[in-house]
Every structure is written in C-alpha cells, then in structure tokens.
Amino acid sequence: MTPVLSSKIEAVEGNITPLRSTLRNHPLYSQLNSLNDVRTFMEAHVFAVWDFMSLLKALQQQLTTVSVPWMPKPNANLARFINEIVHGEESDVNELGEAKSHFEMYLEAMEQVGANTLPIRSFCEAIQSGHSVKDALNMLNIANGTREFVKYTFSVIETKKPHLIAAAFTFGREDLIPDMFIEILKSADPANKKYTKLSYYLERHIELDGDEHGPLSLEMVAELCGNDHQKWDEVKQCSMNALKARVALWDTIANSI
C-alpha cells in the first residue's frame, strides 16, 4: 500500500474512532456474566455472522469471475485478496479438522452451549425456499433491532458498489466478541471439554481477523478507492453507518439480557 493510500485508510479509521469507542465501551459487555447471557447474545449475533458471509460473497461476485465462460478481472490483486478471505471464512477447518464455514462452526457452537438455533435455521430454510431476505426476516419472531441490522447490510449489498461493500465488510464489522466470553467458558468448563466448539471458534476468529483478514481487507479498500476522493468520502459515511447499525444491534441484545 502506498503512503498516500495508507494515509487515506488512517483518515477513515480516525473518522470512525468515536463509534468504535462506543462499541468497545458498550454496556452489553458488562451484562455478559453467565452462560445464559452468552446464549442470548449468540441467538441474535448469529444473524450478523450469516450476513457477514453475504457481504463476503457479494465482494467475490464483484471482484472475481464466478460465471461461465470465465474471463479475467482487471485487478488480479483484488481477486486474490477476496479469494484468500473466502477460503478462510467459507472453508476453514473446525476443531476436529473438518472443513466448515465459520457460520456452520458458529451454529455448532450454539448447539453445544444450548442456544436456540431454530430462528436462524428457519430463516435459512425460508431463503432456500425462494423467499427474499426481507420476507424471510419478517416471518421470524426476533427482535426488530436484529431484523434491521440484516436489512441494512443488504441495502449496502444492493448498491453493487464494491468500495461500499468493502467498507461495511472491513470497518463496519466491529464484532469485538468480548474477552469475558472466554472467561465465562473457562469458569463453566475449566477442562475445556463441554464447550470446545465455541472456544475454538473464538480463538480461530481472533487469529484470522488479526493476522490475515484484517490487513487484507484494508488493502482491498485502498485498491478499490485508489485516488478517487468521492469514493473515500463514501467509504467514510458507509463505515459510520455500518458501525451505527452494529451499536443498534448491541443495544437490542443488551435489552434482551
């Protein structure tokens, strides 16, 4: 990344620092004190795990060729970036060495800790049956904040603008799964035998985001925006809106606990 583009990334990060701070200091974290609280969190958060995959696949559609006959895309660097992230998110390996997407790993972790997976599974079944995302969401008995979060994500996807989708993907997904998750698991399962799937998911999530996917995502945004000032302005706004949606989701979960 050139110094100019690096400074552009720093400007975006500076712009969204207050919202990131709001997330990092959200009251939700102090409310997560038991396994039951973790279950409640996961039952809503799983929709964010799912629509993250949809952001990712929207980027793959935009930045690589996924149709036949194949033709090369103009920017092989972007294709490589997104394919590397897809490889890690869609076909990682679980704690047993089995190929799984992170969404599937999260579902298995939910089941192992006793969280209710019926809403998210019903949602996926409705989409597979031909319902739109909006209609499938409206069929569910879930908190409105969860529903609105997914709707916002898809409003970004529907723009079909790669730099906006990349902004939501890179800057708007401040999951910040709290360290107390791991502490709660250690307290409830000191030998790490009962809740192995969630422990593994958290460790893998932190490892990939910090060491691989985070830096790749920043390079992707820089490549997509280049020296286009309007695109950088739109990235700043989209990133802020995505983080506001995340704060609203955290508010919803906090109210449920």
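Tell me, which residue of region 37-79 that is modelled with pLDDT of 90 or more and among the polar types (S, T, N, Q) is nearest to residue 257 (Cα to Cα)? So, considering only residues that are modelled with pLDDT of 90 or more and among the polar types (S, T, N, Q), the one nearest to residue 257 (Cα to Cα) is 40.
Taken as a whole, region 12-26 holds at least one residue that is open to solvent by less than 10 Å² (accessible area, probe 1.4 Å) and at pLDDT 90 or above.
Residues 108, 89: which one is in contact with a strand residue (DSSP E or B) (Cβ under 9 Å, 6 or more places away or on another chain) and open to solvent by less than 50 Å² (accessible area, probe 1.4 Å)?
Numbers: 89 fails: in contact with a strand residue (DSSP E or B) (Cβ under 9 Å, 6 or more places away or on another chain).
Every option except 108 fails the conditions.
Considering only residues in region 116-131 that are open to solvent by less than 70 Å² (accessible area, probe 1.4 Å) and small (Gly, Ala, Ser), the one that is farthest from residue 40 (Cα to Cα) turns out to be 130. Listed conditions (1) assigned to a helix (DSSP H, G or I); (2) in contact (Cβ under 8 Å) with a residue 40 or more places away in the chain; (3) over 16 Å from the mean Cα position of the chain (by Cα); (4) farther than 21 Å from residue 158 by Cβ are all met by residue 80, apart from (2). I want to confirm something. Restricting to region 182-200 and keeping residues that are open to solvent by 20 Å² or more (accessible area, probe 1.4 Å) and charged (D, E, K, R), which single residue is modelled with the highest pLDDT? Once the filter is applied, the top-ranked residue is 197.
Conditions tested, residue by residue: (1) aromatic (Phe, Trp, Tyr); (2) at pLDDT 90 or above; (3) touching a strand residue (DSSP E or B) at 6+ places or on another chain (Cβ under 9 Å); (4) not in a helix (DSSP H, G or I).
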position	(1), (2), (3), (4)
140	no, yes, no, yes
146	no, yes, no, no
150	no, yes, no, no
155	no, yes, no, no
160	no, yes, no, yes
167	no, yes, no, no
173	no, no, no, yes
180	no, no, no, no
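When you check residue 232 against the structure, is it touching a His at 6+ places or on another chain (Cβ under 8 Å), part of a helix (DSSP H, G or I) and of a type outside the set (Asp, Glu), yes or no? No, not satisfied.
Only a single criterion out of (1) open to solvent by 70 Å² or more (accessible area, probe 1.4 Å); (2) outside any loop (DSSP other than H, G, I, E, B); (3) over 21 Å from residue 222 (Cβ atoms) is not satisfied by residue 66, namely (2). Selection within region 1-11: residues that are under 21 Å from residue 164 (Cα atoms) and part of a helix (DSSP H, G or I). The member of this set that is modelled with the lowest pLDDT is 4. Could you say whether any residue in region 138-150 is surrounded by 18 or more Cβ atoms within 10 Å (Cβ to Cβ) and within 30 Å of residue 73 (Cα to Cα)? Taking every residue of region 138-150 in turn, at least one turns out to be surrounded by 18 or more Cβ atoms within 10 Å (Cβ to Cβ) and within 30 Å of residue 73 (Cα to Cα). Would you pick out the residues in region 218-257 that are open to solvent by 10 Å² or more (accessible area, probe 1.4 Å) and at pLDDT below 90? Scanning region 218-257 gives 218, 219, 223, 257.
If you go through region 88-112 and keep only what is modelled with pLDDT of 90 or more and part of a helix (DSSP H, G or I), you end up with 90, 102, 103, 104, 105, 106, 107, 108, 109, 110, 111, 112.
The values are calculated or read from the model by the stated rules, or taken from the named source; none is laboratory data. For clarity, every value in this text was computed on a predicted model and none was experimentally measured. Backbone-built Cβ (ideal geometry, glycine too); neighbour counts: all protein chains shown. The protein model used for the area step is the full one, side chains on, heavy atoms only, and it has no ligands, DNA or RNA in it. Shrake-Rupley method; radii C 1.70, N 1.55, O 1.52, S 1.80 Å.
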